[in-house]
Amino acid sequence: MAQPGAAAPNLYAELNRCLQKQEHEKAIRIANKILQQNPEEFKAFNCKIVSLLLLDRFDEALTALNKDKTHTGTLKFEKAYCEYRLNRTNEALNTLRSITSHNTRSKELLCQVLYRIEEYEECYSLYRDVIKNSQDDFDSERETNLAAVVASLQMWNQKDMGCPDIDESSYEICYNNSCYYIGKGDLKTALEKLDKAEELLKSDGDLTEEELDEELAIIRVQRGYIFQSLGKNDQASQLYNLVLKTKPSDAGLVAVVSNNVVTINKDQNIFDSKRKIKAATGDNLKHKTVSAQRQHIDINQCLVHMYSNQSEQCHQLAKKLADQYPDLDAPLMIRAAQYIRDKKNDEAIALLKEYIKTRPEKAFKAHMIIAQLYLGLGSVYQACDALKALGQESFKPGIVSTLVTLYLSQEDKDAASKALIDSVNWYKKNDPKSPALMTLTRANADFQLKNGKADEAARMLEDLRKANPGDALVLAQLISSYAQFDPAKAQQISKDLPPVVKIISGLDIEALEASFSTLGPKYMKKQQPLKGEASPGASGDTKSGDTLMQKKKQRKKKKGKLPKKCKPGSDLDPERWLPRKERSYYRGKRKDKKKEIGKGTQGTSAATQAITDSLDASKQPASGEPASPRPSASASKASPHSTPTPMPLPQGPRQQKPVQANKKKKKAGKGGKW
């Protein structure tokens with residue numbers, strides 16, 4: 001035992017030199033030598049674990065800690081850190097919870113673990129405690145992390161802790177404050193914070209060009225999200241594409257950008273969306289994004305399957321999401337939409353009805369979709385049944401109005417009347433102070449009056465009169481209703497009408513007549529003077545209202561419009577208002593003589609054709625006797641066997657050619673050529 005003990009100081013001295021020179025591989029070998037001589041040496045084992053952590057060999061460090069039963073209880077922080085870096089977050093949380101007395105570093109690691117598992121409220125309280133009870137060189141980093149926790153509480157939990165009163169001296173704090181204002185919906189302030197963060201980042205001279213691009217990518221993506229939220233999709237797309245061109249190393253950032261591009265594409269550019277959604281999904285992204293982001297990515301992936309007509313993949317992923325997020329109704333709606341795209345409306349309706357049975361508290365949207373599907377199929381009454389199955393929601397004015405409209409489209413006035421009466425009765429029984437009761441009662445009264453049910457209308461109007469006794473319109477309608485079936489009651493109620501004196505009290509009759517007279521002679525009442533009375537125009541007072549009532553205003557004669565190209569003072573055509581073809585001097589359009597040329601045999605014209613037709617017996621008009629020519633004086637002298645003298649045909653236009661002059665023959669010279 002003396003030999004190992006003598007060798008230990010030399011090994012420890014060499015181990016110390018290796019740690020000071022950051023020769024961690026050599027330090028691990030020396031620590032193993034010490035532990036071979038004395039396995040219970042805590043310092044050597046601690047140096048070995050720390051060297052493994054500095055070399056990012058977390059698997060080996062955790063394996064060594066789990067094998068060693070002697071020192072594991074003392075090195076719980078190191079074990080929890082290994083589990084945290086290996087993404088074993090729940091194991092790290094359990095290890096940290098087992099620590100009885102926490103120091104600053106264990107509290108900070110617990111804050112990191114709580115932030116990763118999205119326990120933001122406990123993380124917030126613990127960070128405030130750490131910042132309050134510690135003061136060292138890491139205060140600025142703790143404040144940055146606190147700002148990130150506050151922003152996450154606002155964005156994901158909708159819990160406002162107030163913007164932390166921290167000096168915005170670094171671009172990280174400005175970025176986190178921008179996320180806080182995005183969660184509050186103050187996008188203008190969020191943009192201002194991002195601009196300030198970018199200025200601080202560009203002014204940092206210690207960053208290399210690659211590091212600057214990596215940090216700027218995060219700011220650009222957040223700015224693109226703000227533009228997209230404001231409806232500026234073109235500007236957002238430019239920023240997203242700029243970030244993707246730089247090929248950032250942060251896989252979480254690439255996933256968020258790809259997902260946002262898919263939301264801009266919607267049902268367009270499906271090929272690009274399929275590539276982007278593939279980059280946004282993967283097992284390695286589980287610890288790079290929060291649960292809300294992963295949920296949105298999964299839903300968008302399901303939608304991409306639907307838009308690309310991948311029905312089977314869409315249904316499989318939607319079922320998986322329904323099991324994973326039982327409180328989310330989007331997977332069910334996507335499955336129903338996929339059935340509708342596949343023209344399987346019956347399956348979609350059956351799916352929605354099954355969902356209503358299992359989740360009756362979220363049945364409103366499903367009932368509305370079922371009603372819309374039935375309307376698309378032309379089943380109006382089944383759509384009405386789906387609306388009436390909403391329960392208490394079916395008595396809301398909007399639903400009742402829809403039911404009445406649908407029933408009237410089928411000319412079912414009784415069903416429409418019943419829907420109105422049932423809604424009024426329900427509000428009387430369950431919510432008599434609701435303003436919807438008066439709205440539905442008045443609508444019911446108008447409907448019953450319009451459709452001739454005066455007794456039902458009178459009952460509704462009585463309720464309206466009790467609620468508002470001074471409404472003269474209700475009283476007038478009530479009298480009109482009773483007059484149809486109970487004249488005595490109408491006579492009795494008419495006594496409640498205010499007297500005429502009360503109605504006209506406060507009216508200036510003269511001013512009313514004067515204002516009426518200023519409307520002009522078109523609306524004046526003509527009054528003829530009585531016999532023996534002087535003409536109103538004879539008096540000197542021409543400004544009174546009576547004079548205006550009797551005096552007829554002369555209209556100015558407007559000069560008639562002259563036709564175009566007509567000189568003033570010239571004679572106008574009396575038939576200018578008639579259509580041109582109906583005028584006496586119309587001779588029709590000039591026919592083109594050239595259009596007859598080229599028809600018939602060569603040399604034939606209209607004139608020659610007329611002569612030919614006159615000589616053709618087949619084209620002569622039919623009569624009682626054969627059309628033989630009458631003998632004339634000259635014909636009687638002719639011999640019966642003589643032949644008629646032929647008549648020369650008139651020359652046609654193609655035969656009327658100018659006589660060509662005689663061509664002079666050239667004398668053939670000697671040596672002439674062709």
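The values are calculated or read from the model by the stated rules, or taken from the named source; none is laboratory data. Remember, predicted model here, so these are calculated numbers, not experimental data. Virtual Cβ from ideal backbone geometry, glycine too; neighbours counted across all protein chains shown. We work out accessible area using only protein heavy atoms, side chains counted, and drop any ligands, DNA or RNA first. Shrake-Rupley method; radii C 1.70, N 1.55, O 1.52, S 1.80 Å.
Being exposed (fewer than 15 other Cβ atoms within 10 Å of the Cβ), part of a helix (DSSP H, G or I) and over 32 Å from the mean Cα position of the chain (by Cα) is the filter here, so list the residues in segment 395-420 that pass it. Once the filter is applied, which keeps residues that are exposed (fewer than 15 other Cβ atoms within 10 Å of the Cβ), part of a helix (DSSP H, G or I) and over 32 Å from the mean Cα position of the chain (by Cα), segment 395-420 yields 414, 418.
Only one of the numbered conditions (1) surrounded by fewer than 20 Cβ atoms within 10 Å (Cβ to Cβ); (2) touching a Phe, Trp or Tyr at 6+ places or on another chain (Cβ under 6 Å); (3) at pLDDT 85 or above is violated by residue 423, and that is (1).
Among the residues of segment 358-394, those identified as in a helix (DSSP H, G or I), within 18 Å of residue 420 (Cα to Cα) and small (Gly, Ala, Ser) are 383, 386, 391, 394. Restricting the search to segment 56-80, which residues are among the charged types (D, E, K, R) and exposed (fewer than 15 other Cβ atoms within 10 Å of the Cβ)? 56, 59, 67, 69, listed by residue number.
Of the helices (runs of 4 or more DSSP H) lying entirely inside segment 97-185, the ones with 1 or more residues being under 23 Å from residue 293 (Cα atoms), open to solvent by 50 Å² or more (accessible area, probe 1.4 Å) and free of Cβ contacts under 8 Å to residues at least 12 places away in the same chain are found at 120-132. Listed here are the helices (runs of 4 or more DSSP H) enclosed by segment 440-554 that have at least 1 residues being surrounded by fewer than 16 Cβ atoms within 10 Å (Cβ to Cβ), out of contact with any helix residue (DSSP H, G or I) (no Cβ under 7 Å at 6 or more places or on another chain) and at pLDDT 60 or above: 454-467, 472-485, 487-494, 500-504, 509-517. The set of residues from segment 67-82 being of a type outside the set (S, T, N, Q) and more than 13 Å from residue 39 (Cβ to Cβ) comprises 73, 75, 76, 77, 78, 79, 80, 81, 82. The conditions of being among the charged types (D, E, K, R), more than 20 Å from residue 47 (Cβ to Cβ) and buried (at least 21 other Cβ atoms within 10 Å of the Cβ) are met by residue 83.
Condition check ((1) outside any helix (DSSP H, G or I); (2) open to solvent by 40 Å² or more (accessible area, probe 1.4 Å)) across all residues:
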{"residue": "277", "(1), (2)": "no, no"}
{"residue": "284", "(1), (2)": "no, yes"}
{"residue": "288", "(1), (2)": "yes, yes"}
{"residue": "294", "(1), (2)": "no, yes"}
{"residue": "319", "(1), (2)": "no, yes"}
{"residue": "337", "(1), (2)": "no, no"}
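Remark: pairs (first residue in segment 326-347, closer than 20 Å to residue 362 by Cβ; second residue at pLDDT below 90 and open to solvent by 40 Å² or more (accessible area, probe 1.4 Å); Cβ separation under 6 Å; 6+ apart in sequence or on different chains) = 329/362. Within segment 282-300, residues that are under 14 Å from residue 250 (Cβ atoms) have Cβ atoms under 7 Å from residues that are open to solvent by less than 30 Å² (accessible area, probe 1.4 Å) in these pairs: 285/252; 285/255; 288/252; 288/255; 289/252; 289/255, counting only partners at least 6 apart in sequence or on another chain.
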